[in-house]
Amino acid sequence: MFEQFIGTKPVEERHRIDTAALEKFLGFRIAQLEQFKGGQSNPTYRLTAQDGKRYALRRKPPGKLLPSAHAVDREYRVIKALHPSGFPVAKPHVLCEDESVIGTIFYVMDCVEGRVLWDQALPGMARAERSAIWDELNSVIARLHLIDWRAVGLEDFGKPGDYIARQVARWSKQYQASETQKIPAMDNLMAWLPKNIPAGDETAIVHGDFRLDNTIFHPTEPRILAVLDWELSTLGHPLADFSYHCMAWHIAPGKFRGIGGLDLDQLGIPAESEYVKRYCERTGRPGIDASTWDYYMAYNLFRMAAILQGIAKRVLEGTAASTHAAESGARAPMLAELGWQQAEKILRRAA
C-alpha cells in the first residue's frame, strides 16, 4: 500500500536538474542523483557525492505556483535555527536563491538514514515498539513547542498572535484559488471557523505538517533523528499544530493516514485522550476542553482539505510533484465533511 512512497526513483523528466550547473554551485562532483518517491509539494532528491557522502536537495517545483506556497527558503531558515539547539533536524548546508542555477530556489542538507514509517498502525511491530514510537512522536512535538523562538533567532519568522484567524483566511483563499468543484462542507467551514475561534492565544514554533511519516526514525531504536518537510512552519498556536496529527484518530484506516476504529489497546497505540494528556503533561498545560479540541480538529480537517484541493488543482495543471498526487487530491471532500462533523458537535453542545 505504501510502496509508492518509499525509496527513490530515477529523476522525472519534468524535475530534471542540470547536474553540471549544480556541481559548479556546490563545488563537488555528483556520482548519483535520484528523486525520492514521497513528497507532494517540493521535489526532493538524494545526491551522492564522489566521496560517498549523501545529501538531500529540496527545490520548488517548476511551473506556475500559488502565492506563498513551496517555501523552501523558509524550510531552510527554520532547520538552520533549530539544528544548533539539538532539535532533531537534518544538518543544513546551503540555500540557493539564484534560480538560474537549476531553474528554481533550492537548499541542500544532510541525507539522514533511517526509517520513514508510513503506516500509522505500525504493522509488524511488537506492542511495546508501537507504544514507544507514538510516545517519541508526542515527545518531539512537545519539545518543539517549548523552544524559545526568540532565543533561536526566529522572532520575525511569523506574526505572534491571531494565528488561527490568519490561517483560516489564508487557507480559504488558497482553497478558492484552487477550487475544482463545489464542496458544501468547505463553504460551511469557511463561514463558521472565523466566528468561533476559542479564547486564549499562544505563540510557539509550529511545524505545520507534523505527522509520523514526516519524521525519520533511528534504524532500530524508537528515536526520531530528523523531522522533515518544514514548508508550512511559522510562529503560531501550538494546539493547532499538535491537533493536526491527531486527526489520525478521527479518520478510518486506508482513508488518509487514519487509525480510527482500530483496536488501539491491543496494538499498543494510545487512545487519543491519553495522547493528548501526555502532551499536556510535557508542555505544562492543565488540559484541553472538549469544544476547544473539536474546534482545532475541525480547523485542521478544513486546512488539510484545502491543501489536498491545491494538490488536485496541480494535478490538472501538471505541476504536482508525485505520481500519487491525484489520489491524495481526490480526498479533499471527505476531509471537509469530517471537519464539518466536528463543528456540528460543538453546535449540538451549545444548543
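Report the full-extension gain for the segment D98 to E274: residue separation times 0.36 nm, less the Cα-Cα distance, to one decimal in nm. Net length gain for the segment: 58.6 nm.
The rule of thumb for compact globular proteins, 2.2 N^0.38 Å, goes into the C-alpha radius of gyration of the chain 0.98 times.
What the Cα atoms of region 12-141 give is an Rg and a Dmax of 16.7, 51 Å. Taking the centroid of alpha carbons for each part, region 236-261 and region 176-190 are 21 Å apart. Which of these, R331, R285, R16, has the largest mean-square fluctuation under a Gaussian network model of the chain (Cα springs below 10 Å)? Looking only at R331, R285, R16, the biggest GNM fluctuation is shown by R285.
Across region 218-295, Cα-Cα pairs more than 14 Å apart make up 72 percent of the total.
Please work out the FRET efficiency for the pair K53 and D289, using the Cβ-Cβ distance as r and a Förster radius of 45 Å; give the result to the nearest 0.05. My answer for the efficiency is 0.35. The distance between label points at R348 and D18 comes to 6.0 nm (points 7 Å beyond Cα on the Cα→Cβ vector).
Highest average first, the peptides 248-256, 192-200 ordered by how many other beta carbon atoms sit within 10 Å of their residues are 248-256, 192-200.
Is the shape of region 147-283 rounded, prolate or oblate, going by the alpha carbon gyration tensor and its root eigenvalues a ≥ b ≥ c, with a/c under 1.5 for rounded and a/b larger than b/c for prolate? Verdict is oblate for region 147-283.
Laboratory data are not the source of any read-out in this text; all were calculated from the coordinates shown. As the structure is a computational prediction, the values presented were derived from the model and not from experiment. So basically every Cβ, Gly included, is an ideal-geometry build from the backbone, and we count neighbours across all protein chains shown.
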